[in-house]
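Trainee: Okay, here's the structure, questions in a sec.
Every number in this text was worked out from the coordinates using simple rules, so none of it is lab data. The structure displayed is predicted, hence computed values, not measured ones.
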Amino acid sequence: MKDYRILFEKKGISKYISHLDLNRCMIRTIRRSGLPAWYTEGFHPHLYLMFPLALSLGIESICEVMDLRLTEELPPEEILSRLNAALPEGLHALAVREPVMQATDIAAAEYQLCLSAPEIPDLSGLWNSFISQPEILIQKKTKKGMKELNIKEMITIQECVSQNQKLTLVLRLPAGNEGSLNLTVVADAFQKYADKPILVESACRTKIFSENYQDFF
């Protein structure tokens, strides 16, 4: 048996594939590819497949990761070729390697978010006002009910560019078992603060990090 980590992108129409449906899609893809996938033993054998960090519906990505176990060792180029020949539109395998880190090592993710708002003349200024608040409070659903959470310190701004009435942000957010912040939560909080329509032109996950911001893949 041999474990492989697949780096793939999820763009275009595929951004509307839910995490559960993505899992089903990849199972069908691997079967069509003819790769010698390893199955668990027992009464209900299933293909070993794992996605270390789920992606929210409607967000694209150029850095998604999938772990796959094969019954024999194959060259990375052959695995890529077989997968891409069977993958549907919007999904494309980029690289293959042996896993180095565990899913529990994931600590953060980086996103590019492009916004526009015809009714707001200075969207960049409004964002600066929003992010400069002493607190950015949201309501989060927990097992014990709704809980108020301050997300201000969870948002790290890597880049903020305003051009042609559009605002492009590169945000680094916590992810993984130690706590996570969804990009849509940030966008919704900004929308609520603006109290005017803000259009998400595009949203894309661009990097996944372990501790000390090492590339997880």
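Trainee: Binning every alpha carbon pair distance of segment 2-99 at 5 Å from zero, what are the percents per bin?
Mentor: Final binned percentages: 3, 13, 25, 28, 17, 10, 3, 0.
Trainee: In degrees from 0 to 90, rounded to the nearest 10, what is the angle of the helix 19-33 Cα long axis to the longest principal axis of the chain?
Mentor: Taking Cα atoms only, the helix is inclined about 30 degrees.
Trainee: When only Cα pairs under 8 Å and 6 or more residues apart are kept, what is the percent relative contact order across the chain?
Mentor: Once divided by the residue count of the chain, the mean separation gives 26 percent.
Trainee: Out of Asp67, Asp195, Asp21, any idea which swings most in a Gaussian network model of the chain, alpha carbons joined below 10 Å?
Mentor: Highest fluctuation of the listed residues: Asp195.
Trainee: So if the hydrodynamic radius of segment 104-213 is defined as the Kirkwood radius over C-alpha pairs, what does Stokes-Einstein give as its diffusion coefficient at 20 °C and 1.002 mPa s, in µm² per second?
Mentor: Result for D is 146 µm²/s.
Trainee: With respect to the cross-link table entries Lys11/Lys166; Lys15/Lys140; Lys11/Lys143; Lys15/Lys144; Lys15/Lys143; Lys166/Lys196, which display a Cα-Cα separation exceeding 26 Å?
Mentor: From the list (Lys11/Lys166; Lys15/Lys140; Lys11/Lys143; Lys15/Lys144; Lys15/Lys143; Lys166/Lys196), the Cα-Cα distance tops 26 Å for Lys11/Lys143; Lys15/Lys144; Lys15/Lys143.
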